[in-house]
1. Using a 1.4 Å probe, how large is the accessible area of PHE111, given in Å² and rounded to the nearest 10?
2. Would you mind putting 362-368, 480-486 in packing order, based on average other-beta-carbon counts within 10 Å, highest first?
3. Considering only protein heavy atoms and a 1.4 Å probe, what is the carbon-and-sulfur percentage of the accessible area of the stretch 259-367?
4. Using a 1.4 Å probe and ignoring any ligands, DNA or RNA, find the accessible area of ARG151 and quote it in Å² to the nearest 10.
5. Mind checking the log10 I(q)/I(0) for the stretch 421-466 at q = 0.24, 0.25, 0.30 Å⁻¹? Debye, one equal scatterer per Cα, no solvent, two decimals.
6. Students often get this wrong, so check it: of LYS580/LYS637; LYS363/LYS463; LYS367/LYS463; LYS574/LYS637; LYS479/LYS574, which have C-alpha atoms separated by over 18 Å?
7. Accessible surface of LEU210 in the full protein assembly, 1.4 angstrom probe, to the nearest 10 Å²?
8. Can you check how the C-alpha radius of gyration of the stretch 328-470 compares to 2.2 N^0.38 Å, as a plain ratio?
Amino acid sequence: MIMEQINLRSDTYPSHSSFWWNTLKKHGELGAALLSGIIIAFTWITEGIYSPTIESVLYITAFIIGGFAKAKEGIEDSFAEKDVNVELLMIIAAIGAGSIGYWTEGAILIFIFALSGALETYTLNKSESELQSLMEIQPETATILSNGEERIVPAESLSIGDLILVKPGERVPADGVITKGQTSLDQSAITGESIPVIKRIDEEVFAGTLNISGHLTIKMTKRSQDTVFQKIIALVQEAQDQKAPSQLFIEKLEGWYVKIVLIVGALLMVLPHFLLGWTWDETIYRAMVFLVVASPCALVASIMPATLSAISAGARNGILFKGGVHLEQLGSMKAVALDKTGTLTEGSPVVTDVFTRTDIEEKTFIKIVASIERQSTHPLAKAIVDHAGDIIFLEPNDMMDHSGWGVEATIDGISWKVGKLAFLSEEDGFNLFEENYRQLQSSGKTIVLAADNQGIAGIIALKDKVRSESANMVKALKKRGIEPVMLTGDSEQTAKAIAEEVGIRTYYANCLPEDKVTRMKELKEKYQTVGMIGDGINDAPALAASDVGIAMGQGTDVALETADVVLMKNDLGKLTRAVKLSNRLNKIVKQNVIFSISVILILIASNFFQFLTLPLGVLGHEGSTILVILNGLRLLK
């Protein structure tokens, strides 16, 4: 028992040695760079006090401490890829500077190179820490209710259908539906939404969200590996592993560039002495300066830190990119196709209008129709039942379902028919509602009619509610020069009504999945780079055919897997934020590339005309590398 307590304590409270070891592993490269800098500063300040031999030993120590990590990385990569790289080039330049007596400059080169490498490692670690912080949110245990008793089990052992008890202050261990209780949930880890939301019975909750106020009983609906939370982790990991086209181009260019620099550097050690009459000291010195300033460190660091920063910032705000390529392309979109149901609209219809015969009250009419429709699982039936609210339902008899048309039933001895117009066409009294029917139909609403023994008793109009943010999103896209186009399987009248409501000029109605793909190809011919936003299985082919597929976070698994970008909360407002982030990334990458190339060209020209000293070359070259990395880190905000 004592041993168990000791082991538990050691797991719960890590030892000081493990803390320092983890810190060293995490920040070791930065620590080595700083220690190298301290040794260099000490040697430079005390110059002349110690013998030249001691000074050389101190500088060599600074070389080894600061340059070990990069030298090891460069050698290993060279052997693995059978190619030279920028790390080897810098090590050669530093050793070359020391070999002609410029120990201080060579050591400073190593120090700044190590510091810039540490900054790049920090960016990668920062990106990985975002993922690690997500993984730590997932609870390791869960409290399940079995035969009226509470039992704590590992979260990974939960099964679909388990009843889970979540107390205030605990995180939800699995995706599920609330069967008992009401609470405020902090969903920021999943949706990026900072304000807690109220959750009630029959509403969905996600693993990793924080229960703030009430006791909840949740019925698990998804396996642990299929939760929204796990999808986020998988998508972020996938994004970190994929490189943007610009990054791949730079990496491909790096090998050839380094070879050219080494060849030119070797020639500069000889040719200027014979062709320009330079002394051997000046010739070798200029060759060493060239090796330093021509190295593409800043160019290599122009893209990856910025891309990782942008991916991390997006994940923190509920926008998941599956790779840098999609992040880059999002900013170049000229048009975006939008699905209607579940994307521009809520995906669940609501009752908007009710008209009844003069001899029947609206409340009574709704009560009768809702009592009949309560037996159906159709979305329209559910909307009518929800509209009825908290009432005592009547018990229908002789129910008869006519699939795709309507339903018949008897209530209190009166026969009722509920359904579409074609189902009730033989009933009397339609002329009383014809004008209302035509107006409602022209506004894109779906109409359900109900008839009793005397004929049509009333009509109910329903409409898929447009998301509150849809119109603003469309307006924001147009402002950025992106043309929104709606693709929907709904009728022409419904499509037209929704398009007018949200401000979309171009729309295509009655689209089957294959029609959406055809339209997507047409849009790509017209606009070059086209995105697609959808949430359903029928949207998956168009998502795959687009240049950038964007899925709503609560969409189908097929849509989420096919898409390149996922908006974790069904918030279309995040689309414009994603486009803005992509534009910022592309702008910063362009700034970095232009700046780094300009610095290299200026330094090379200055060296050729003998204006540049080795210390200034080191400062200009490595300083530009640090600046482009810091510029990329701005995207973390």
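1. The accessible area comes out at roughly 50 Å².
2. 480-486, 362-368
3. After summing per-atom areas, the C and S share lands at 63 percent.
4. Answer for ARG151: close to 120 Å² accessible.
5. With one equal scatterer per Cα and no solvent, log10 I(q)/I(0) is -0.83, -0.89, -1.16.
6. Violating the 18 Å Cα-Cα cut-off are LYS363/LYS463; LYS367/LYS463.
7. Its heavy atoms expose roughly 40 Å² to the probe.
8. Against the empirical 2.2 N^0.38 Å value, I get 1.22 for the stretch 328-470.
The values are calculated or read from the model by the stated rules, or taken from the named source; none is laboratory data. These numbers come from a predicted model, not from an experiment. Note that each Cβ is placed from the backbone with ideal geometry, even for glycine, and that neighbours are counted across all protein chains shown. Please note that ligands, DNA and RNA were not included when accessible areas were found on the heavy atoms of the full protein model with its side chains. Shrake-Rupley method; radii C 1.70, N 1.55, O 1.52, S 1.80 Å.
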